[in-house]
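Reading through the structure tokens given below for one structure.
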Amino acid sequence: MIVNLSPEEISTCKKAASMRWQLARVSNVANQRKDASRSDEQIDELGVMAELCVHKLFNIEFNYSLSGIDTGADLYIGDYSIDVKSTFYPDGKLIFKSNDYFKADACILVCQITEGEYRIAGCISRAGFNHKSVRGRLKPDLPECNSVGQNELTDIKELWSLVMQRKLKFN
């Protein structure tokens, strides 16, 4: 599924990412990036844009001004928590330092196509990630992490259906 962002949305995301970046660095929270070729600010921009894409997909208002330390969930639909992860790579994997860092009920992976175009690669539940993830190094110079390939993700339509059923209290 492709989600497009307008120039205004991109600009606002960049401003929000700058605020998040500044707050995190002042709070001595290190960025968890795995890509040394990107700046912390670029990583934060991608993260905010990916979150906006998921909010747009689920037709949920996005609050650009929310910032602070990551609690493991980027949005809630009712009581269902969702973490949003992003990658600059079309075939990028969904990565966590370890299974313990997957705290939400589900996680969605968003891949950047261009600065204004994003692909929702899919989603996975915490239990699914714990079962399917592989521990290893993505590159020899990187620390070990747990990851799943996009082929292990579930189509986002299934998560959308589940959360809409929960939201509308269908059985």
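The values are calculated or read from the model by the stated rules, or taken from the named source; none is laboratory data. What you are looking at is a predicted structure, and each value in this text was computed from that prediction instead of being measured. Glycine also receives a Cβ, built like all others from the backbone with ideal geometry; neighbour counts cover every protein chain displayed.
Identify, from the list 115, 152, 144, the residue that is at pLDDT 95 or above and of a type in the set (D, E, K, R). Steps first, answer last, please.
Details: 115 fails: at pLDDT 95 or above; 144 fails: at pLDDT 95 or above.
Of 115, 152, 144, the one residue that is at pLDDT 95 or above and of a type in the set (D, E, K, R) is 152.
Residues that are of a type in the set (Ser, Thr, Tyr), surrounded by 15 or more Cβ atoms within 10 Å (Cβ to Cβ) and at pLDDT 80 or above, at least 3 per element: which strands (runs of 3 or more DSSP E) completely within segment 1-88 meet that? Walk me through how you get there before you give the answer.
Values: elements: 2-4, 75-77, 80-87.
Per the criteria, 80-87.
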